[in-house]
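Participant: The following block contains the structure, expressed as structure tokens.
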Amino acid sequence: MTEPRGQWSGRMGFILAAAGSAIGLGNLWKFPYMTYENRGGAFVLVYIAAVVLVGVPIMMAEVLLGRRTRRCPVGAYLVASEKRPGGRTWVSVGYLGVFAGFVILSYYSVVAGWTLDYILLSLLGKLGPLARDPAALQTYFVDGFLHNGWQQTIFHLLFMGLTVGSVYFGVKGGIERVARVLMPVLFAIMLLLVIYSATTPGFGHAMRFLFRPSFGEMHSSGYLEAMGQAFFSLSLGMGCMLTYGSYMSSNSSIPRSVLQICALDTLIAILACVIMFSIIFSFDLQISASATILFTTLPTVLVQLPGGNFVIGLFYLLIAFAALTSTISLLEVVSSYAIDELHWSRRRAALTMGAVIAVFGVLNAWSLGASSALSNFNPLGKSSTTGVFGTLDYLSANWFLPVGGFLVALFVGWILGRRTSRTELEEGHGVMAGYSLWRFLIRFVAPLAVGAIIVSVILGAEYQ
Ligand code: PHE
């Protein structure tokens with residue numbers, strides 16, 4: 001017995017769910033960190049260029065492939081490659097995506113679990129006092145929490161439970177419902193924090209840092225980092241947007257929705273920088289090259305501002321919400337494979353796949369606890385090749401996603417055929433004025449640009 005395939009309730013449902021997938025730890029954590037490393041303005045401009053020239057066209061390609069075939073990534077290539085050059089070998093792109101979803105979720109939800117610990121601490125009224133004493137917080141988080149496999153396991157499992165619970169209830173009843181509640185709250189908290197940061201003395205400095213580009217100061221690797229980050233942040237290259245697109249109604253416009261999702265994702269990433277840099281510059285802090293800044297440095301600063309205790313709680317709630325709508329989309333990719341190709345029921349798929357991934361996550365949590373170089377360890381950053389945890393992120397962000405994105409661009413640009421892509425992009429949209437521009441980007445610009453990243457990673461130029 002196959003259940004009827006899920007669908008979003010409308011265009012808004014799709015946009016909220018897809019924006020929920022895109023907006024996550026990548027925006028609130030990785031992007032500010034990378035922007036700081038690359039000294040601001042120029043990197044922001046290069047990132048925006050990567051989103052416009054590569055991210056937008058590839059997201060349109062993924063969504064159109066999903067909606068055209070109404071299948072998970074594996075099924076989509078199975079259907080769409082029929083009688084086309086390359087035939088079934090394209091299916092491996094779908095498998096790569098499902099595999100990447102599995103891997104990313106197994107470490108992403110461990111980091112997401114950290115925010116739950118902070119929310120709990122803040123509810124218990126313990127986070128404020130801890131944050132007032134930077135040394136104590138450092139000891140608590142780095143020496144205590146990160147080394148405590150049990151504690152991390154519990155919060156990771158809790159986060160996986162929330163994720164499985166959402167996917168379990170289906171496209172409309174679970175994923176969309178969660179996004180409809182969390183995304184508006186997330187935007188509201190974000191807005192509050194931006195207004196708040198505008199009152200801090202470091203705001204002007206932050207704005208100059210972000211919007212006054214000086215290319216001389218950016219590392220040459222910034223171009224490549226910006227592109228990898230665009231893939232990660234927009235949830236591209238692993239069939240996530242393809243899967244969400246497969247639940248989209250034919251009455252909705254793909255080009256318009258994709259533009260809005262990309263704009264929202266980029267806006268949130270930049271606002272996250274505005275918030276964090278205003279606060280950091282207010283106190284003249286140097287960000288150390290460590291991922292723990294979000295959990296060690298920022299709280300000690302946030303708590304000193306008026307209303308600090310409250311702001312801190314809000315801050316981690318924001319991060320948890322953003323991460324949850326992303327982990328949901330990761331699990332949905334893996335589950336949709338079991339539902340479409342193995343003909344499992346949705347409930348069985350969500351529970352089984354969720355459980356298997358959770359077990360891998362537990363191994364990651366323990367491997368992190370066992371790792372010695374934690375204080376300058378950056379789980380979601382480029383230099384994180386320490387331990388299993390870092391290796392997984394390195395592999396995903398620098399290999400799986402760019403390679404997946406490159407192949408999607410080749411498939412949709414060169415194999416799928418002009419008529420098919422045009423029909424799908426114009427369905428629910430009307431005549432698409434920018435179609436030729438999109439086709440040029442997807443056939444030439446995106447593959448060449450992404451190909452450049454892949455080659456540079458192979459040559460190791462980026463990581464020296
Ligand atoms: N886009 C998410 C983020 O920015 C991460 C993600 C990647 C989610 C790939 C789904 C697929 O945090």
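The values are calculated or read from the model by the stated rules, or taken from the named source; none is laboratory data. Everything quoted here is computed from the prediction, not taken from an experiment. Reconstructed Cβ throughout: ideal geometry from the backbone, glycine too, with neighbour counts over all protein chains shown. The accessibility values were calculated without ligands, DNA or RNA, using every heavy atom of the protein model including side chains. Shrake-Rupley method; radii C 1.70, N 1.55, O 1.52, S 1.80 Å.
Participant: Among the listed residues ALA19, ALA50, which satisfies the condition of being among the hydrophobic types (A, V, I, L, M, F, W, C), within 23 Å of TYR394 (Cβ to Cβ) and either away from the ligand (no atom under 16 Å from the Cβ) or buried (at least 20 other Cβ atoms within 10 Å of the Cβ) (or both)?
Facilitator: Selected residue: ALA50, the only one of ALA19, ALA50 that is among the hydrophobic types (A, V, I, L, M, F, W, C), within 23 Å of TYR394 (Cβ to Cβ) and either away from the ligand (no atom under 16 Å from the Cβ) or buried (at least 20 other Cβ atoms within 10 Å of the Cβ) (or both).
Participant: Given the structure, is ILE195 modelled with pLDDT of 95 or more, in a helix (DSSP H, G or I) and surrounded by fewer than 17 Cβ atoms within 10 Å (Cβ to Cβ)?
Facilitator: On the way: modelled with pLDDT of 95 or more: no; in a helix (DSSP H, G or I): yes; surrounded by fewer than 17 Cβ atoms within 10 Å (Cβ to Cβ): yes.
Spelling it out, it is not the case that ILE195 is modelled with pLDDT of 95 or more, in a helix (DSSP H, G or I) and surrounded by fewer than 17 Cβ atoms within 10 Å (Cβ to Cβ).
Participant: Specify which of the listed residues (CYS262, CYS273) is under 15 Å from PHE209 (Cβ atoms), in contact with a Leu (Cβ under 7 Å, 6 or more places away or on another chain) and not β-branched (Val, Ile, Thr).
Facilitator: Of the residues listed, the single one that is under 15 Å from PHE209 (Cβ atoms), in contact with a Leu (Cβ under 7 Å, 6 or more places away or on another chain) and not β-branched (Val, Ile, Thr) is CYS273.
Participant: Here is a follow-up. Would you mind stating whether VAL44 is at pLDDT 95 or above, over 16 Å from the mean Cα position of the chain (by Cα), more than 14 Å from the ligand (Cβ to nearest atom) and open to solvent by 10 Å² or more (accessible area, probe 1.4 Å)? Please lay out each step first, then the result.
Facilitator: Values: at pLDDT 95 or above: yes; over 16 Å from the mean Cα position of the chain (by Cα): yes; more than 14 Å from the ligand (Cβ to nearest atom): yes; open to solvent by 10 Å² or more (accessible area, probe 1.4 Å): no.
In short, no.
Participant: Same structure again: Quick one: TYR140 ticks every box in (1) in contact (Cβ under 8 Å) with a residue 24 or more places away in the chain; (2) farther than 16 Å from ALA320 by Cα; (3) surrounded by 16 or more Cβ atoms within 10 Å (Cβ to Cβ) bar one, so which box is it?
Facilitator: Checking TYR140 against (1) in contact (Cβ under 8 Å) with a residue 24 or more places away in the chain; (2) farther than 16 Å from ALA320 by Cα; (3) surrounded by 16 or more Cβ atoms within 10 Å (Cβ to Cβ), the one that fails is (1).
Participant: State which residue pairs qualify: first residue closer than 14 Å to GLU332 by Cβ and at pLDDT below 95 and inside region 8-34, second residue of a type in the set (Val, Ile, Thr) and more than 8 Å from the ligand (Cβ to nearest atom) in any location, beta carbons under 8 Å apart, and separation of 6 or more residues or different chains.
Facilitator: Close Cβ pairs (under 8 Å, with a partner that is of a type in the set (Val, Ile, Thr) and more than 8 Å from the ligand (Cβ to nearest atom)) do not exist here.
Participant: Further question on the same structure: Suppose we filter TYR36, TYR77 for residues that are of a type in the set (Phe, Trp, Tyr) and either farther than 17 Å from LEU410 by Cβ or within 13 Å of the ligand (Cβ to nearest atom) (or both); which single one remains?
Facilitator: Working: TYR77 fails: either farther than 17 Å from LEU410 by Cβ or within 13 Å of the ligand (Cβ to nearest atom) (or both).
Unique residue meeting the criteria: TYR36.
Participant: Return the residue satisfying two criteria in turn: it lies in region 217-251 and is open to solvent by less than 10 Å² (accessible area, probe 1.4 Å) and polar (S, T, N, Q), and of such residues it is nearest to the ligand (Cβ to nearest atom).
Facilitator: Checked region 217-251; the qualifying residue nearest to the ligand (Cβ to nearest atom) is SER233.
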